[in-house]
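> Here you go, one structure.
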Amino acid sequence: MENSGDSVNREDVNGGETRNDAAASSASCCSSALTSGYRLFGRQVSLHQFMGGGKAADVLLWKRRHVSFGVIVVATVAWFIFERSGLPFLTICSDVLLVVTVLLFFHANFAVIRNKQPQSLPELVLSEEMVHNAAASFRVKINNMLLMAHDITIGKDFRLFFKVVVCLWLLSAIGSYLSFFTLAYIGTILSITIPALYSKYEERVDRYCGMIHRKLSHHYKIVDESVISRIPQSLSKDKDA
């Protein structure tokens, strides 16, 4: 009887420990879910799907390493030619197209002379559907920009005006130190490296970005309540007067 009582007590103790472990694990899961709830850009899908899920996303995320590395090499060579050679942009483009055209022409004729069939090249034709899709996407973006400009011009959205002014000022400050080709080169290198690094350290980046986002939101709320929220009221009073 004593042995059976001891076994029952042990089972109760073991059951209590397992329940405590389950509760602790669920609590840790909930806490980890809360801490990792923030995702950069507010996305609800994977990074690959967020970037389109096509070949461009594969290149940016280094799923095609040879293509990604080739983009870096080509961008570096182009930056060196445009920035360090001192030649005008039109001259470089004309020389490159001239060399490519001459090489392709002589390559095709050399194959004919040697009685070899030249390699067939795909026809570069823009389909009507592709043109319509590009035009529709371009029209939507232009209309959004015009709507933003309209809201800024009539003083309707001060927050948008403040963001645009800050962005233009930053571009002006950066442009005074760097040339256009250097900015384009830096943008290309960042666009081909940052997504891959973010995909590798996604959890850490999201956690730290969530902390920064909460702090910035808190400070922005203070500034909004003390400064920005008062400006539209004064503007509306002037319009009513």
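> Where residues in the range 124-173 are under 20 Å from Val223 (Cβ atoms) and in contact with a helix residue (DSSP H, G or I) (Cβ under 7 Å, 6 or more places away or on another chain), which of them is most open to solvent (accessible area, probe 1.4 Å)?
The qualifying residue most open to solvent (accessible area, probe 1.4 Å) is Arg159.
> Next question, about the same structure. Condition check: more than 22 Å from Glu202 (Cβ to Cβ) and either open to solvent by 60 Å² or more (accessible area, probe 1.4 Å) or under 32 Å from the mean Cα position of the chain (by Cα) (or both). Does Leu98 satisfy that?
Considered against the rule, which asks whether it is more than 22 Å from Glu202 (Cβ to Cβ) and either open to solvent by 60 Å² or more (accessible area, probe 1.4 Å) or under 32 Å from the mean Cα position of the chain (by Cα) (or both), Leu98 comes out as yes.
> Could I ask something else about it? Just for the range 161-183: of the residues that are touching a residue at least 60 places away in the same chain (Cβ under 8 Å) and hydrophobic (A, V, I, L, M, F, W, C), which one is nearest to Gly70 (Cα to Cα)?
Per the criteria, the residue is Phe181.
> If you don't mind, another one. Pull up the range 81-95, narrow it to residues that are surrounded by 11 or more Cβ atoms within 10 Å (Cβ to Cβ) and among the β-branched types (Val, Ile, Thr), then point me to the one that is farthest from Ser179 (Cα to Cα).
Within the range 81-95, the match that is farthest from Ser179 (Cα to Cα) is Ile92.
The values are calculated or read from the model by the stated rules, or taken from the named source; none is laboratory data. Remember, it's a predicted structure, so these values are computed and weren't measured experimentally. Cβ: placed from backbone, ideal geometry, glycine included. Neighbour counts: every protein chain shown. Quick note on the areas: whole protein, heavy atoms, side chains included, nothing else; ligands and nucleic acids left out. Shrake-Rupley method; radii C 1.70, N 1.55, O 1.52, S 1.80 Å.
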